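Input: a single structure, listed below in structure tokens.
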Amino acid sequence: MTSIVRYLTHPQVQIDPAVPVPQWGLSEVGCARTETAAKASWLANTRQIVSSGERKAIETAEIVASRLGLMIEIREAMHENDRSATGFLVAAEFEQVADQFFAEPHLSIRGWERAIDAQARIVREAEAVLARNRPGDILFVGHGAVGTLLFCHYAGHPIDRVHDQPAGGGSCFAFARDGRRVLHGWRRMEDV
């Protein structure tokens, strides 16, 4: 039986405009959702947990790892698309820029990392882990934009925000390690 690879996005975060976005942690809601999901049967065969180096992803991974008795591996290059050129944006403005990011993947929107570059980076990171060919399921823990770019790659879709995770984060998609066939698209972590 082939191993299943899952990509889980961190759920809700504690937004603080005074703190750099990569340093935001999970909110109480995000922690509670992750605690609930960590008890789910879909994680039972997980043998590797690989996380982005951003605090919110690490906190999500740590909750799951603690429940499963596993260590986490942190891969710094699994970070969210680089948006440091703009820093924090209020919700409406962020959504407009994110729409442009996905709609124009070959352009740097307001100084953000280009979607094609972010996609190449996240695919490279995932494939480096998969190449080790260790037994058991793998859980990647990361972010919505790069997760969507990874999903588009494995599903064979062009980059498009129509394939983005549901609002609120804390969503998961899965694919078979052998053949990289997508098993299901985004599902809320409580519904996997």
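A short reminder: the numbers here are calculations on the coordinates, not readings from a lab. Keep in mind it's a predicted model, so treat the numbers as computed, not measured. Positions of Cβ are backbone-derived with ideal geometry, glycine not excepted, and every protein chain shown enters the neighbour counts.
Things to note:
- Summed over region 155-192, the residues that are surrounded by 14 or more Cβ atoms within 10 Å (Cβ to Cβ), among the hydrophobic types (A, V, I, L, M, F, W, C) and either under 13 Å from the mean Cα position of the chain (by Cα) or under 30 Å from residue 92 (Cβ atoms) (or both) give a count of 7.
- Matching option when the condition is within 27 Å of residue 2 (Cα to Cα) and surrounded by 23 or more Cβ atoms within 10 Å (Cβ to Cβ), among 61, 65, 44, 38: 61
- Scanning region 72-110 for residues that are more than 27 Å from residue 61 (Cα to Cα), exposed (fewer than 13 other Cβ atoms within 10 Å of the Cβ) and acidic (Asp, Glu) gives a single hit, 93.
- Selection count, region 165-192, where residues are touching a residue at least 24 places away in the same chain (Cβ under 8 Å) and under 25 Å from residue 39 (Cα atoms): 18
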